[in-house]
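The structure's right below; bear with me while I get my questions together.
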Amino acid sequence: MTPAPAPLVVFDLDGTLLDTHTDLVESLNHTIAALGLEPVTYDDLTHLVGQGARVMIERACRLRGHPLSADTLPPLVERFVAHYAGNMPGHTQPYPGLIAAMDLLKSGGYRLAVCTNKMESLARGLIEKLGLTGYFDAITGGDTFEYRKPDARHLTSTIERAGGDVSRTVMVGDSINDIAVAKNAGVPSIAVPFGYSDVPVNTLGPDHIITHFDELTTELVERLLGEYAEKVAV
């Protein structure tokens, strides 16, 4: 009998693995200052993040009553990327309990991966600066493929790169894109409420919610995988 493939836990990055809000706000405000716009705040951030730097800048400018034309956006994206990359890791930190949870999962033979709509180069650079690269079997960003979350292919392609199996994968995230991509790919989802969602995560329909990474255990992952398999089989 062929043994079951190793379980894979795929994480979103901003607002899930890492508390990046201070650095995102600082780089975004540095960017829109070039247009003379008023700074955004952390409260605005939940409505701005989730689709990468380009969309975040567009949304921030629209929020400040300054819609952008196609030709004005690229230099602003370059300004954001230069500032953000040049200040890594800045104030960014893993959320409490994350490292211990990942150590526990890795010691149990689990694979780990990152699936984010952040540019892959920024995601990899930040993870490397924080000394976390070795934890992950794959890191994919919003520009890694021709599709991004909530498109199921972003997650399924990440699973493939990580050497995982869709039937043995759980997605962990903080926003609608993460819960939606899990549903679209046919994998169970775990939501965290401490990220950047603009609505309560319980309204997004995740399969489970954890309030601290202490709760992310091998027992929880196996239970969710089993329950999801039974639900799909019905």
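Divide by every residue of the chain the summed helix terms, -39500 (n - 2.57) for each DSSP H run of at least 4, and state the resulting mean residue ellipticity at 222 nm, rounded to the nearest 500 deg cm²/dmol.
-13000 deg cm²/dmol
OK, next. Taking the 0 to 90 degree range and rounding to the nearest ten, how far is the long axis of helix 120-129 tilted relative to the main principal axis of the chain, both from C-alpha atoms?
Relative to the chain, helix 120-129 is tipped by roughly 80 degrees.
Give the Debye-formula value of log10 I(q)/I(0) at each listed q (0.12, 0.22 Å⁻¹), with one equal scatterer per alpha carbon of the stretch 1-124, two decimals each.
For the stretch 1-124, the Cα-only Debye profile gives -0.52, -1.28.
Shifting gears a bit: Quote the relative contact order of the stretch 68-194 in percent (integer), defining contacts as alpha-carbon pairs under 8 Å separated by 6+ residues.
The value is 18 percent.
With a 1.4 Å probe and all protein chains left in place, how much of the accessible area of the chain comes from carbon and sulfur atoms, in whole percent?
52
Starting from the 7 Å offset along Cα-to-Cβ, what nm value, one decimal, do you get for the label separation of His66 and Glu222?
Each label point lies 7 Å from its Cα, and together they span 5.5 nm.
So what is the relative contact order for the chain, in percent, with contacts set as C-alpha pairs under 8 Å and at least six apart? Each step should come with its number before you reach the end.
Details: 411 pairs, mean separation 56.3, N = 234.
Relative CO of the chain lands at 24 percent.
Continuing with the same structure: Nearest 5 percent is fine: what portion of the DSSP beta bridges confined to the chain is antiparallel?
Approximately 10 percent, going by the DSSP bridge assignments.
Also, I was wondering about something else. Count neighbours as other Cβ atoms within 10 Å of each site's Cβ, and list the GluC sites (Glu not before Pro) in the stretch 94-167 that are DSSP loop with at most 11 such neighbours.
Glu146
Hey, got the dipole for the chain? About the Cα centre, +1 on K and R Cβ, -1 on D and E Cβ, debye to the nearest 20?
380
Let me ask something additional. What do you get for Rg/Rh of the stretch 193-234 when both radii come from the Cα atoms and Rh is the Kirkwood radius?
That ratio equals 1.04.
For the stretch 113-178, state what percent of all Cα-Cα pairs lands in each successive 10 Å bin, counting from 0 Å until the bin that includes the largest distance.
22, 56, 22, 0
Now for a different question. Ratio of the stretch 1-40's C-alpha Rg to 2.2 N^0.38 Å, to two decimals?
2.16
So, for the chain, what is the accessible surface per residue at a probe of 1.4 Å, expressed in square angstrom?
That works out to 44 Å² per residue.
Next question. So what are the three principal axis dimensions of the chain from its Cα atoms, in whole Å, longest to shortest?
64, 36, 31
The values are calculated or read from the model by the stated rules, or taken from the named source; none is laboratory data. These numbers were taken from a predicted model, which means no experiment stands behind them. All Cβ positions, even for glycine, are placed from backbone atoms using ideal geometry, and neighbour counts span all protein chains on display. Quick note on the areas: whole protein, heavy atoms, side chains included, nothing else; ligands and nucleic acids left out. Shrake-Rupley method; radii C 1.70, N 1.55, O 1.52, S 1.80 Å.
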